[in-house]
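Derivation of every value follows stated rules applied to the coordinates shown; laboratory data play no part. Nothing here was measured: the structure is a model prediction, and the numbers come from that model. Using ideal geometry, Cβ is built from the backbone for each residue, glycine included, and neighbour counts are taken over all protein chains shown.
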Amino acid sequence: MLWLFRKDGSRFIGKFALTGMLIVGVAHAQQGSPEAAMAYKKSIDARAYKIVTPLGIKDSVKFYKVRDAVAQQYIDLSAIDARDAAAVKAIKSTGKDKAATDAALADEQKKVTAEKTQQHKTYLTQLSKSLDAGQIDVIKNGMTYNVLPITYKGYLEMIPRLTAEEKRYIMEALTEAREQAMDAGSSEKKHAWFGKYKGRINNYLSSHGYDVNKESKEWQERMKTQQPNK
């Protein structure tokens, strides 16, 4: 079971739909006109600006330093994805048998994972020079559409009797999903990571005696009764 929330996170609507635009790749921008490259950079800067704004940083030098770090992370991840896409295309065009092709694709995936893991560490180290742990969490949530706090809040509302241990498991699972989703190159892939971990959470809750589908339906009914009459 996957969920969809309104943008403000206030209400459960139904099953989660994986939608969104792919992040425009650096390579694609470079292959186009200078205007296209400038438009790409402008869109990334604007995205980073929105992510950093909730921190309320008053020092403009510090604000733009953090904004530039966030924007550069998007650019660096996009460059890795562009290189990976080219490598995958080359591997598939070699005409080798399936076993050899699959092995080459698996090696490429390992390379990409290693690159993104290192990039992830470098990025967080850079942010830690200007921000504390709580502020970095705000950045992480901003890069992943605030799915972690929205979903965690949803679980607590859906099953108010969750134990401290169960709440901790849910938070740890969503936190791990967020770390993975931060490095994904599109909204669909970011949401897919959370979908994977929500599945684990639901299996965990089922093993603890919860009927998640029933809990979800009852939660929806409770919310309907709480909605003001129009």
Trypsin sites (Lys or Arg not before Pro) restricted to region 69-130 and DSSP loop, no more than 16 other C-beta within 10 Å: Lys96, Lys129
Once Asp76 and Thr175 are pulled to full extension, the length gained, defined as 0.36 nm per residue separation minus their Cα-Cα distance, is 33.4 nm
Principal axis lengths of region 145-220 from Cα atoms, whole Å, largest first? 36, 25, 19
Give the order of Asp102, Asp84 when sorted by the count of other beta carbons within 10 angstrom, beginning with the fewest. Asp102, Asp84
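Please order His191, His208, His120 by the number of other Cβ within 10 Å, starting at the fewest.
Working: His191 24, His208 13, His120 16.
Final ranking by Cβ density, sparse to dense: His208, His120, His191.
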So if I place +1 on the C-beta of Lys and Arg and -1 on the C-beta of Asp and Glu, and nothing else carries charge, what would the dipole magnitude of region 27-148 be about its Cα centre? I want it in debye, nearest 20. 160 debye
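Can you tell me the length gained on complete extension of the stretch Arg222 to Lys153, counting 0.36 nm per residue apart and subtracting the Cα distance? Each step should come with its number before you reach the end.
Working: separation 69, 0.36 × 69 = 24.84 nm, distance 1.52 nm.
Length gained, Arg222 through Lys153: 23.3 nm.
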For Lys214, list the lysines whose Cα falls under 23 Å from its own Cα; do not include residues on the same chain fewer than 8 positions away. Lys15, Lys153, Lys167, Lys196, Lys198, Lys224
Using a 7 Å offset from the Cα along the Cα-to-Cβ direction at both His208 and Ser186, what is the distance between the two label points in nm, to one decimal? 3.4 nm
